[in-house]
Amino acid sequence: MAITGIKGFNDILPGEVEKWQHIEATARRIFELYGFAEIRIPILEKTELFARSIGDATDIVEKEMYSFVDKGENRVTMRPEGTASVMRAFIEHKLYAADQVAKLYYMGPMFRYERPQKGRYRQFHQIGAEVTGVTDPKIDAQVLSMLCHFFAELGLNEPRLEINSLGCKECRPVYRNALKEFLARKIDQLCEDCTRRYDTNPLRALDCKSAGCKEATAGAPSVLDHLCQGCADHFASTRRYLEGVGTAYAINPRMVRGLDYYTRTTFELVTGLLGAQSAVAAGGRYDGLISELGGPQLPGIGFAMGVERVALLLDGREFRRRPDLFIAAIGEAAQFEAFRLMNSLQQLGVSVEIDYEGKSLKSQMRRSDKFNSRFTLIIGEDELSRGTAVIKNMDAGVQKDVELDAERVAETISKGSAAC
């Protein structure tokens, strides 16, 4: 019996992978415009890192992490998210010693054991960005504007930005108590998870998808009505800066985060195009995380986006690369010349395909059509004897004679038209 892949761990095949490469290249280009540098973090970390940063009462730590004891009797976990790993590296390598303000981005696979569904898998991929050392709300607005810029560069009018404030360690406990008092009267309507989290993480009931929880939390007190003056001013300034640069947003007072380390500004990029999986990117401010992990008392803000969900929004677009040239060769001598010419052109940066099996000219032309090559060059005995061949621009439908020389062929292709 053939061995198949593990459920929720997907292959990304040619034809689809080009879309992913486009997303990743766009992220690199846009993020670096804003001064971010790439960091590459390991897949495996000590379990303690995520238990301390994410929170013991979260679903991720309680039910979803891929954790095990390795051969050295160490408890390790395949990373379920990227922020904690980036902050661990920031602290361990003392990046703050050179400059407390660090702008870092990352991309790669994450792992959570949950029910696979469209755009949400057990191995999933994220692109994220983090900024340390800045409390000013200008950085909140810049991070949000950069994220919206990224989606605009992909040609996506959706998703749309929603923002909220979760307060700080001073005012959030006050709101938490007010919410618990409200939920206590409706505890019987909450789902099993939200009932279990009532004491440890009651805010999660606000974004629960259960019909009972939605009904129970209707009319719940708003966190925005319980912000201290510092948090209220910070949120107002963030909004003013967003408006100043024309970044559209909506306030969603029911938005919370599933991770314990978030404070103040929180946000999501949401869409109605993916069904229940409406959030494509999410993040917020985490001013206590770095010190919680043993680093200096520095603030931070960041986000992560799901690459699978972004890719779904780009469905229907063509990203597969076209070869610059297909060389059809008839006869053994012509096949040798085609192989030689192909190698020389590739050294010059021209992408070339040939037939490897000596098939008929008709079959080779069908293969050229399958590749959707920009140009086609046919070499036979007559062409070899003349030292020239006809090269055809497949899009424009025009052709010209060209010397069987790699530089001359490359020059013709670079001009974009065989008629030039």
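The values are calculated or read from the model by the stated rules, or taken from the named source; none is laboratory data. Remember, it's a predicted structure, so these values are computed and weren't measured experimentally. Every residue, glycine as well, gets a Cβ built from its backbone with ideal geometry; the counts of neighbours run over all protein chains shown.
What the table shows:
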{"item": "Selection status of LYS94, surrounded by fewer than 22 Cβ atoms within 10 Å (Cβ to Cβ) and free of Cβ contacts under 8 Å to residues at least 12 places away in the same chain", "result": "yes"}
{"item": "Helices (runs of 4 or more DSSP H) contained in the range 39-142 and holding at least 1 residues out of contact with any Ser or Thr (no Cβ under 7 Å at 6 or more places or on another chain), within 29 Å of ARG29 (Cβ to Cβ) and modelled with pLDDT of 95 or more", "result": "83-92, 95-98"}
{"item": "Tally, over the range 83-123, of residues that are farther than 28 Å from SER291 by Cβ and out of contact with any Pro (no Cβ under 7 Å at 6 or more places or on another chain)", "result": "10"}
{"item": "Answer from THR238, THR247 - the residue that is crowded, with 21+ Cβ neighbours inside 10 Å and either part of a helix (DSSP H, G or I) or in the same structural domain as THR263 (by TED's automatic domain parsing) (or both)", "result": "THR238"}
{"item": "Where a residue in the range 326-340 is modelled with pLDDT of 95 or more and its partner, wherever it lies, is in a helix (DSSP H, G or I) and of a type in the set (Phe, Trp, Tyr), with Cβ under 7 Å and at least six apart", "result": "PHE326/PHE371"}
{"item": "Residues of the range 208-265 satisfying the condition of being among the basic types (Lys, Arg), on the phi < 0 side of the Ramachandran plot and touching a strand residue (DSSP E or B) at 6+ places or on another chain (Cβ under 6 Å)", "result": "ARG257"}
{"item": "Qualifying residue in the range 208-217 (condition: surrounded by 18 or more Cβ atoms within 10 Å (Cβ to Cβ), within 21 Å of GLY302 (Cβ to Cβ) and of a type outside the set (A, V, I, L, M, F, W, C))", "result": "no"}
{"item": "Residues that are out of contact with any helix residue (DSSP H, G or I) (no Cβ under 8 Å at 6 or more places or on another chain) and of a type in the set (Asp, Glu), drawn from the range 137-163", "result": "GLU162"}
{"item": "Of all residues in the range 12-35 being assigned to a helix (DSSP H, G or I) and aromatic (Phe, Trp, Tyr), the one that is nearest to ALA152 (Cα to Cα)", "result": "PHE31"}
{"item": "Pick from the range 109-135, criterion farther than 19 Å from LEU269 by Cα, surrounded by fewer than 17 Cβ atoms within 10 Å (Cβ to Cβ) and in contact (Cβ under 8 Å) with a residue 24 or more places away in the chain, ranking: farthest from the chain's Cα centre (by Cα)", "result": "THR135"}
{"item": "Residue check for ALA396: part of a helix (DSSP H, G or I) and touching a residue at least 12 places away in the same chain (Cβ under 8 Å)", "result": "no"}
